[in-house]
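The values are calculated or read from the model by the stated rules, or taken from the named source; none is laboratory data. Everything numeric in this text was worked out from a predicted model, so none of it was measured. Here the Cβ positions follow ideal geometry from the backbone for every residue, glycine too, while neighbour counts run over all protein chains shown.
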């Protein structure tokens with residue numbers, strides 16, 4: 001069974017987003033491939049780097065203004081079944097830059113230009129119903145854009161701070177959450193869906 005690891009970030013300003021992600025991952029090993037146009041020769045370097053074994057989690061960032069179809073196709077198997085301790089982060093200014101086959105393998109986060117890092121005290125590995133209720137109570141009047149920022153913060157809290165490997169359902173929920181907010185779903189309901197997926201039955 002394939003493991004879903006890593007994610008795609010859609011950000012209008014690619015290089016500042018790379019810096020932001022790198023800063024957020026400062027406690028981990030990060031290898032960057034930042035190009036104007038990501039081609040097959042860059043993809044080959046990524047494959048070589050991915051198969052250099054690592055005892056700790058290693059993040060491989062693929063960032064570019066454009067990605068060739070040949071390069072993306074050559075990475076499909078690697079994205080679907082990454083080596084142990086390898087996480088991929090693809091950063092692109094538009095979703096249309098990426099093949100549907102790539103987009104289907106990783107959840108997509110859209111970063112707003114005004115995105116600000118939000119410090120969360122939650123440990124999503126140990127969250128319970130009381131903490132979910134408290135978080136929703138504290139964010140009862142949150143607006144759509146604020147909710148998107150919270151989603152981004154929750155995603156990084158789970159995958160980086162708490163070092164969780166998200167289940168397919170959790171990844172799907174994050175992807176779905178952005179679409180629901182764009183359709184003007186109630187922000188509290190969307191946040192509740194995300195948080196409840198981390199609550200373990202006692």
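What the table shows:
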| item | result |
| --- | --- |
| Count - residues of segment 179-202 that are loosely packed, with under 15 Cβ neighbours inside 10 Å and closer than 10 Å to residue 147 by Cα | 1 |
| Flag if residue 173 is closer than 15 Å to residue 199 by Cβ, outside the structural domain of residue 60 (by TED's automatic domain parsing), part of a helix (DSSP H, G or I) and at pLDDT 80 or above | yes |
